[in-house]
Amino acid sequence: MSARVVVVGGGLAGITAALDAADAGFEVTLVEVRPQLGGAAYSFIRDGLRIDNGQHVFLRCCTDYLALLERLGSRSLTTLQPRLAIPVLAPGGKVAWLRRSGLRAPAHLAGALARYSHLSPLERGRAALAASALARVDPDDPRADRRTFGQWLAEHGQSPRAVRRLWDLIARPTLNLPAAEASLGAAAHVFQVGLLSDAAAGDIGWACAPLSDIHDGPARAALGAAGVDVRLGWRARQITRDNERGWTVRTGDEEVAGDGVVFAVPHHRLAGLLPPGALPRPERLELLGSSPIVNLHVVYDRPVTRLQLAAAVDSPVQWVFDRTRSAGLDHGQYLAVSLSAGEEEMGMASDRLRARYLSALGQLFAPAREARVLRFVVSREHAATFRAAPGARALRPGAGTALAGLAVAGSFTDTGWPATMEGAVRSGHAAAREVRAALVDLRPAVAA
């Protein structure tokens, strides 16, 4: 018989690990507590509107995530900019574009920075010098992980206004923390991989359909085709070791046995599931903390902008996306406002959020002032990501554990990436490699 692998968790990390294990010849069972696959990248219906739980974007450098979409057959449901182009709006209608050229990195951003009118000429020059210095920071240096990105920026001549109007436009949505609170090492990775090393790496991609159409349905089909037994609505509550090589995962009176197990669950759940001895100090996972994301879903009775996406400065709005077509609306316009590191917004009532952000959108898009709001929906992810704060890198576990055949996956693991879809997929590959190596002698022989 083939060796058996159990994957606990049906997010992107779990889907990836299950497919890899099946490709390696193992019998795979995937269990997921929710009624759908995709983890945090899912859709739901509210007031007749199909809504994504958050505005998930990716970059051209997210090669593992893009490869997963190809495997699922849903790549065509996304779009990717031919060249990075970000309109940055300010109240009153002022727009400055951050566009890359066709030059090699880092010269591809020189023109964009030189023309970025939200900064003064002096601030632009200092920003260019800081970007050059940031390219030389070693993201894997523990000293970089112990410092904040904000401290480093201040030491390199960046004014508070430059941080707000430039650096936080990238740091906040990718790290889910502002520069003042984020790890320098984590920020250096984001800027180097996404903007400073390869000219095309930072081109932005996003979903053209609800996220569940991209992840849930296609993943079920791909896993089924690979022979994976998928069990939804199944909460893992306990794992026990049956013998020297076997494990049993239980929920109530149901159980599933495996020679190897991948736990692809959020870090705040992992410590309570792992058997003793798996990680040296599992309680340290709690020190990773969490950072929330709040999303506002606004449907107007008419179009208020032609932009597909935009960032904002000097506004409570951070990023806004046109989701009209992806939601299947044939009239009006649906804008999704993404608020990363939204601790303040998490505690605000919906009525207060509505008053604050409809006014802010009206300052960015003049037609919104006259438009009628048909729907205003708030979605909140209390623990959207771990906190990429100083010291977090040392707390992130690797894929392997001290127990053979037992691995962990998730965007919180030490992939080097922040808590992104790309990081989740990479973690799934790493966990599958760990289990495959431990169970290599249990795989069925391949006929010559």
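The values are calculated or read from the model by the stated rules, or taken from the named source; none is laboratory data. Because the structure is a prediction, the values reported are computed rather than measured. A quick note on method: Cβ atoms are made from the backbone with ideal geometry, for glycine too, and the neighbour counts reach across all protein chains shown.
The table for this structure:
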{"read-out": "Enumeration of residues in segment 238-265 that are surrounded by fewer than 13 Cβ atoms within 10 Å (Cβ to Cβ) and not in a strand (DSSP E or B)", "value": "242, 243, 244, 252, 253"}
{"read-out": "Given (1) without any contact (Cβ under 8 Å) to a residue 12 or more places away in the chain; (2) in contact with a Ser or Thr (Cβ under 8 Å, 6 or more places away or on another chain), number of the condition residue 348 does not satisfy", "value": "(2)"}
{"read-out": "Given (1) of a type in the set (Gly, Ala, Ser); (2) more than 30 Å from residue 436 (Cβ to Cβ); (3) in contact with a Pro (Cβ under 6 Å, 6 or more places away or on another chain), number of the condition residue 92 does not satisfy", "value": "(3)"}
{"read-out": "So residue 357, is it among the aromatic types (Phe, Trp, Tyr) and not in a strand (DSSP E or B)", "value": "yes"}
{"read-out": "Filtered residue count, segment 143-177, keeping only those that are among the β-branched types (Val, Ile, Thr) and under 20 Å from the mean Cα position of the chain (by Cα)", "value": "2"}
{"read-out": "First in segment 242-254 and assigned by TED's automatic domain parsing to the domain that holds residue 403 and under 13 Å from residue 4 (Cβ atoms), second anywhere and surrounded by 11 or more Cβ atoms within 10 Å (Cβ to Cβ) and at pLDDT below 80, Cβ under 8 Å, 6 or more apart", "value": "245/442"}
{"read-out": "Unique match (being polar (S, T, N, Q) and without any contact (Cβ under 8 Å) to a residue 60 or more places away in the chain) among 76, 43, 2", "value": "76"}
{"read-out": "Residue in segment 396-439 that is surrounded by the most Cβ atoms within 10 Å (Cβ to Cβ), counting only those that are in a helix (DSSP H, G or I) and free of Cβ contacts under 8 Å to residues at least 24 places away in the same chain", "value": "423"}
{"read-out": "Elements of type strands (runs of 3 or more DSSP E) in segment 1-63, at least 2 residues being among the aliphatic types (A, V, I, L, M) and crowded, with 24+ Cβ neighbours inside 10 Å", "value": "4-8, 27-32"}
{"read-out": "Which listed residue, of 270, 309, 296, is touching a Leu at 6+ places or on another chain (Cβ under 9 Å) and not assigned by TED's automatic domain parsing to the domain that holds residue 425", "value": "296"}
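A quick yes/no check of all residues on (1) crowded, with 18+ Cβ neighbours inside 10 Å; (2) closer than 22 Å to residue 93 by Cβ; (3) among the small types (Gly, Ala, Ser):
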site	(1), (2), (3)
281	no, no, no
285	yes, no, no
291	yes, no, yes
311	yes, yes, yes
359	no, yes, yes
385	yes, no, no
